[in-house]
Amino acid sequence: MHMIERVTLETSLKPFKSTDDDALAATCREIFRQWQALTATAQRVAVMLWVGDGSEILEWKGDLEEEIPWASSIGFCNVQHGAFRQGWEARNPERPYMPDPPRFTYRHLQGIVALFKRIGAEEFGLSVEVGATIDPGPEFVESQFKYVRHPEIITGGERWQPGPPIAFIRAYSTLRGSDAAYAGFPDGIPEATSFGTFLGRQCQSFLPAMGFDYLWLSNGMGFSHYAWLLTGENFDGERFGCIDYAAEAERVVSFWRDLREELPDCPIEVRGTNFPMGVDIAADCICFERIYELGRPAAQPVNPPWGSRDLGMEMTAHMSRIAVLPGEQLGIRHYVNDPWFYQNPWWDFYNREPYDYYCPWVVGALRGDGSLQTPTWLELLTIDTEEGALNEDTAIEIVPHLRRAMSTVPDAPGLLTWVYPFHEYHALAREEPACIGLTLFNDLFIRAAIQNGLPLNTVLASHDFVSLVSQRPEDLRDTIIVAPVPREEWPYGDALADWIAAGGRALLYGPVASASERIRGVLNLEAEVPIENEVDVELSSADWDDELTVCDTPHIAYHNSQLSGGPMVEALRDEEDDATAVRAFLRAGQKRRVGALHRAKPEWNGGAVAWVRGSLAELPAPGSFARRDDAAPGPLDVSIWLRLLLADFGIHLRQVRHSAGSQPIALFVSRHRNGFLFTGFKPDATAALRMRFPRGVPLLTERETRIEDGLGRYHLARSFQEECRVFVDQREPTLLRCKADRWPTGKKRSLMVSGLRDAKLTVYPYAEALERDGVEFEGDTELEPRVDVAGKCIELAGVSGQISVTW
């Protein structure tokens, strides 16, 4: 079993329905009992305590007998203060979570923290730490501090406009002077004290007094007060440059500087926004480099808990944030229950479908030394419901999924590895903020591609890519590099060109106008007169698409230059070049530009490059709750071309869907113990996959497939994770089956493959079995296995009937 460093159980105070000492202890005991099977996978355990929204910190005066403000209601709080745009309160009106909720004092809170630590250690053998929380919004508890006494720190809602639709703390705000005494300010708050200073000094008193071990900043605190919106101070949804970029970036960083001056040693953990790093940099002027340096968060902002709404956004955000970490820990978070509203995602949003308990776990971050980093921290939001229930069925159902996901984390790069320009994006923000829209486009285009089935689940920081190409290129041998086209000044451009020329494979996306001469030469592209807005689509082949029952693929696309990194200018440099195969053109009148191509020159020693210009017609709808139906589709989403271009590398991933409006399957392919794991989600249960890889059709363990036109068809479950260790290359259409079998004494696995007709098989056993020559075959025909040492596999040719593989 793969052990992780820490498991965090998040809970509100609602399960504590009495202040009686025995009742408090019984609740702590029940929490640990229910989740024993999960805490057993970690070296230590944390309890993140959602008391309220952090008002208990802001209001702390040092008096243990004072009653604390806590989240004892269900629904939106602070409506009377204009904290929400008109109409929002009707969605979830506030009401008590139980008749006569208990009244807690700071002494009770101190006791609960101590109980978690004592009971965890004495009765369960756990090393327990407890975290405090602060949220910038108005939802969880009535806050006199934020919305009555110090509304100057707030932006948004109905009262504070312009701003987001919900009134959030602007973390870099300053407070008005006040005579009111607080623990950190016994003589009152001086005029223009920064919120970071106030919060830090309050925490420096409050956290140790209560016994808390760390502080959690929720919902974009310290990053953005537009945490749930794609817009921000620098981007209004239509244009960038809405504010002085450098000045706003400095204001955001100032919160962390002030906070850490007052709270220098306490570990801080963060939630961040709902979006990828490139969106945050462009829309909110967030400088992660300096936040990581000054704020020293213990882990990256975790994946947003939005897999049920937009899996592509969640996966893109997660990968963008783990390319470079602020410390040693890599966190992952799952949305289990919601203690504030009538929603409990495992039971309603996900309807007990576990795809979001598998998909983020197949992501790995490749480092410059060739190691692959996977999650070390797991957090569950939350283990209690809005009514304070501790539903044991929730733990019973999700823990097996989590343990399985942890036990199959990747140990090598997947099919595709995303090169993420972390430092280059920050340099662009500093040096050319007028071009910062490129970072938003680059990330949102990848989000759209993942929604359209691009199997991307490995990420690599661009500086680590440069190191690997120069020092350990063999670590990239079995993966295709996916990267935004580097601008001329970006350091990884030359490494990318070297990689392709030396036999590497790359799938690039984005504009080439600012690329170096060398990169444009590799792509055989140059900049011409721009086109934009509505453009006609011309494909090189009518079947360069998914297999649609209703052939209604749009023949127009929409290129929004503001959202797409500039206008479309890419034209072929040499139209007679035999190495270039254009897959799609885009035309406006007489102007024709290249939309997608593949290029492979003989002197590249098997190296090849594919490229998609990419377009965004509009921003994704906030939350993206609605699943597409089969209504007439709008403009073509050209992000699907990234997946279709994989066929030029021998990876055919065609989807069988009713129409262009039917939502595609999200698919991720990871590597574990030398095998392949196919993990994903089918928002449309009627969709199917037809697949072929360079070594043949993947034969999933305990599944059947029928080879048709060289591709195998699979009808998978809505949530799926399937192992593959056998690939079959044969011409005759048959029904193929891979069945797990009993294995003899001394062996670990046995697979039975049937339905073969003069087939070539490629088998991927455990790597250690290959190394000790411990793989055995039995079949209906004579077998002559050949070991491919470099490929870590065994090949067999001319196989018919049935064959067993044991190791």
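Split the accessible area of region 466-535 by element, probe 1.4 Å, and carbon with sulfur accounts for 43%. Counted over all Cα-Cα pairs of region 286-382, pairs farther apart than 16 Å make up 58 percent.
Specify the angular offset, from 0 to 90 degrees and rounded to the nearest 10, of the alpha carbon long axis of helix 492-501 from the longest principal axis of the alpha carbons in the chain. Value to nearest ten degrees: 20. Find the centroid of the Cα atoms in region 35-97 and in region 768-807, then give the distance between the two in whole Å. For region 35-97 versus region 768-807, the Cα centre distance is 58 Å. Remark: the Cα gyration tensor places region 221-265 in the oblate category, a/c being 1.5 or greater and a/b not exceeding b/c. Taking Cβ atoms as reference points and 11 Å as the exclusive limit, the residues near Leu667 contribute a net charge of +1, counting Lys and Arg as +1 and Asp and Glu as -1.
Amide H contacts of Gly595 (H built 1.01 Å from N, in plane; Pro and chain starts excluded): Ala584, Phe585, Leu586 sit under 5 Å, all sequence-distant by 5 or more or on other chains. With K and R counted +1 and D and E -1, the other residues having a Cβ less than 12 Å from that of Ser750 yield a net charge of +3.
Converting phi to 3J(HN,Hα) with the Karplus coefficients 6.51, -1.76 and 1.60 and the offset θ = phi - 60°, region 8-22 yields 10, 9, 9, 8, 8, 7, 5, x, 8, 8, 8, 8, 4, 4, 5 Hz in sequence order, with x at every glycine or proline. In the context of the full set of protein chains, region 33-74 has a per residue accessible area of 28 Å² (1.4 Å probe). If one takes the longest principal axis of the Cα atoms in the chain, at what angle in degrees, from 0 to 90 and to the nearest 10, does the Cα axis of helix 106-124 lie? Around 50 degrees separate the two axes.
Among 261-268, 283-290, 18-25, sorting by the average number of other beta carbon atoms lying within 10 angstrom of each residue, highest first, gives 283-290, 261-268, 18-25.
Mind checking which aspartates and glutamates have their C-alpha under 20 Å from Lys61, skipping anything on the same chain fewer than 8 residues away? Once the sequence-local aspartates and glutamates are set aside, what remains near Lys61 is Asp53, Asp135, Glu142, Asp179, Asp187, Glu191, Asp213, Glu262.
Distance between the pseudo-spin-label points of Ala181 and Arg731 (7 Å out from Cα toward the beta carbon): 9.3 nm. For region 791-799, putting each phi into the Karplus relation 6.51 cos²θ - 1.76 cosθ + 1.60 with θ = phi - 60° gives couplings of x, 6, 8, 10, 10, 9, 10, x, 9 Hz, in residue order, rounded to whole numbers and with x for Gly and Pro.
Descending by average beta-carbon neighbour count within 10 Å, the peptides 222-231, 248-257 line up as 222-231, 248-257, the highest first.
The length gained by stretching the chain between Arg742 and Glu603 to full extension, at 0.36 nm per residue less their Cα-Cα distance, is 45.2 nm. Dividing the radius of gyration of the alpha carbons in region 469-552 by their Kirkwood radius gives 1.07 for Rg/Rh.
Summary of the geometry: region 267-310 and region 372-405, compared by the centres of their Cα atoms, lie 22 Å apart.
Once C-alpha pairs closer than 8 Å and six or more residues apart are averaged by separation and normalised to the residue number of the chain, the relative contact order reads 9 percent. Residue-wise, which Karplus ³J(HN,Hα) couplings in Hz belong to region 516-525, taking 6.51 cos²θ - 1.76 cosθ + 1.60, θ = phi - 60°, and x for glycine or proline? Each residue of region 516-525 in turn: 5, 4, 5, 5, 5, x, 4, 7, 6, 10 Hz. Just check region 547-604 against the gyration tensor rule for me: Cα atoms, a ≥ b ≥ c as the square roots of the eigenvalues, rounded for a/c under 1.5, and otherwise prolate or oblate depending on whether a/b exceeds b/c. Because a/c hits 1.5 or more and a/b fails to exceed b/c, region 547-604 counts as oblate.
For the peptides 137-147, 554-564, residues were scored by their other Cβ atoms within 10 Å and the scores averaged per peptide; the highest-first order is 137-147, 554-564. Please work out the Cα center distance from region 577-602 to region 675-739, rounded to the nearest Å. Centre-to-centre distance over Cα atoms comes out at 31 Å.
Pairs from the list Lys601/Lys682; Lys682/Lys748; Lys747/Lys792; Lys17/Lys117; Lys14/Lys146; Lys682/Lys792 with a Cα-Cα gap above 28 Å: Lys601/Lys682; Lys682/Lys748; Lys682/Lys792. Largest first, the extents of the alpha carbon coordinates of region 101-236 on the three principal axes equal 53, 39, 29 Å. Once backbone amide H atoms are built at 1.01 Å from N, Val697 has Val728, Asp729, Gln730 as its partners under 5 Å, excluding neighbours fewer than 5 places away on the same chain.
Taking Lys and Arg as +1 and Asp and Glu as -1, the other residues whose beta-carbon sits under 10 Å from that of Gly414 total 0.
Compute the helix-to-body angle for 462-471: its Cα long axis versus the longest principal axis of the chain, expressed 0 to 90° and rounded to tens. Compared with the principal axis, the helix lies near 40 degrees. The length gained on full extension between Ser18 and Trp544, counted as 0.36 nm times the residue separation minus their Cα-Cα distance, comes to 183.0 nm.
Subtracting the Cα-Cα distance of Arg33 and Arg403 from 0.36 nm times their residue separation leaves 131.5 nm of extension gain. Look at the dipole of region 679-807 built from charges on Cβ: of Gly755, Gln721, Thr686, the Cα furthest out on the positive end belongs to Thr686.
The values are calculated or read from the model by the stated rules, or taken from the named source; none is laboratory data. For clarity, every value in this text was computed on a predicted model and none was experimentally measured. Neighbour counts run over all protein chains shown; Cβ positions are idealised from the backbone, glycine included. For accessibility, only protein heavy atoms count, side chains too; no ligands or nucleic acids. Shrake-Rupley method; radii C 1.70, N 1.55, O 1.52, S 1.80 Å.
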